[in-house]
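Chemist: Dropping the structure in here first, questions after.
Just so it is clear, none of the values below were taken in a lab; they were calculated from the coordinates. Values in this document were obtained by computation on a predicted structure and should not be read as measured data. Cβ placement follows ideal geometry from the backbone for every residue including glycine, while neighbour counts extend to all protein chains displayed.
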Amino acid sequence: MRTLSLRNVSAILPSMKIASWNVNSIKARLTHVKDWLATAQPDVLLLQELKGLEFPDMEFTALGYHSKCVCQKSYNGVATLSKSDIDVICDYLPNPGEDDQARYLEADINGLRVINIYLPNGNPAPGEKFDYKLGWMDRLYARLKALREARVPFLVGGDFNVIPEDRDCYDATAWEGDALFRPESRAKFRALLNLGLYDAFRIFNSEPGQYTFWDYQAGRWQKNQGIRIDHFLCSPEVTDRLANCAIDRDPRGKEKPSDHTPVIVEVNRP
DNA sequence: ATGTCACTCAACGAGTGA
């Protein structure tokens, strides 16, 4: 009798499901997140905008998830949940300066480098906050460039607070001048792509009207007047392993929802 | 549509950020 090689065993395992979700307060959204984990069953979930120092890690342990978080009082905050061990590489954007805000968590999970980001909003623009956003994007660029040069297969997911193209916005005119849509922000987003990264969603979907965020105000959700600002960018090695990328609109339609909804990628095992 | 939601301080609402 022949024994399966490790490679063959690996090949028959299901793909790894990795999701990202800006929850706009983990305290306010705990039930939503637990319910979604139970139905969607992702292997990894990247959370952004936790908005507090307390992170309910035991709630997720009870559901079979390890967790690592970077927290800050009142604002920002990111956490990575995973069914497998999380080996934290860095909990701040390392280069070429240091972060005073909780927006970055880089970790190895199942041999894959998974980076969770909450990119600064940057409004009002122009101004100090917009400058901070652009500087943060420069530092992200430097970090991802280093990973590319070191040939580290990775994916970076999270709330990028950037509308990449006109088709990612219900009304380009309405968003003109906004920090999420300004040419400077979009140019820096394209610079990330020019490192050789791929926008996972656009590998599998080309239609307009596909959004991840709808403002609470003015019935934007009911009218599907949203923007696509939550993304997964993948290095070429990971892009070659992509099985799918999709937006799950369901959580946005629940009672007391976050203004964002999850994005999910499926990555085949190597 | 000046439209909502969540945070904090200190309060029973105002200011801030998204």
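Chemist: If the elastic network links every pair of Cα atoms under 10 Å, which of A:108, A:259, A:100 fluctuates the most in the Gaussian network model of chain A?
Modeler: Result for chain A, Cα springs under 10 Å: A:100 fluctuates most.
Chemist: How many lysine pairs are close in chain A, with Cα atoms under 15 Å apart and the two 8 or more places apart or on different chains?
Modeler: So the count of such lysine pairs works out to 11.
Chemist: Where does chain A land on Rg/Rh, using Cα atoms and the Kirkwood Rh? Display every interim value, and only then the final one.
Modeler: Numbers: Rg = 18.0 Å, Rh = 18.8 Å.
My calculation puts Rg/Rh at 0.95.
Chemist: Calculate one ³J(HN,Hα) per residue across segment A:213-229 by plugging θ = phi - 60° into the Karplus curve 6.51 cos²θ - 1.76 cosθ + 1.60, and present them in order as whole Hz with x for glycine and proline.
Modeler: 9, 9, 4, 5, 7, 6, x, 4, 5, 4, 9, 6, 9, x, 9, 9, 10
Chemist: Just need the relative contact order of chain A here, percent rounded to a whole number, with Cα pairs under 8 Å and 6+ apart.
Modeler: Working: 584 pairs, mean separation 52.3, N = 270.
Rounded, it is 19 percent for chain A.
Chemist: Considering only A:247, A:117, A:203, give the residue with the highest GNM mean-square fluctuation for chain A, with springs between Cα atoms whenever their separation is below 10 Å.
Modeler: With Cα springs under 10 Å in chain A, the top fluctuation among A:247, A:117, A:203 is at A:203.
Chemist: In whole Hz and in residue order, list the ³J(HN,Hα) couplings for segment A:110-125 that follow from phi through the Karplus curve 6.51 cos²θ - 1.76 cosθ + 1.60, θ = phi - 60°; x for Gly and Pro.
Modeler: The phi angles translate into 6, x, 10, 7, 10, 10, 10, 10, 10, 6, x, 5, x, 8, x, 10 Hz.
Chemist: What angle, in degrees between 0 and 90 and rounded to the nearest 10, separates the Cα long axis of helix A:26-40 from the longest principal axis of the Cα atoms of chain A?
Modeler: 40 degrees
Chemist: Sorted by mean Cβ packing within 10 Å, highest first, what order do the peptides A:123-132, A:160-169 take?
Modeler: Values: A:123-132: 14.2, A:160-169: 21.4.
Ranked from most to least packed, the peptides come out as A:160-169, A:123-132.
Chemist: Modelled label-to-label distance, residue A:249 and residue A:132, 7 Å Cα→beta-carbon offset: nm?
Modeler: 3.4 nm
Chemist: If you don't mind, another one. Per-residue ellipticity at 222 nm for chain A, helices alone: DSSP H runs ≥ 4 residues times -39500 (n - 2.57), over residue total, nearest 500 deg cm²/dmol? Walk me through the intermediate numbers first.
Modeler: Values: 8 runs with 73 residues, N = 270.
So the helix-based figure for chain A works out to -7500 deg cm²/dmol.
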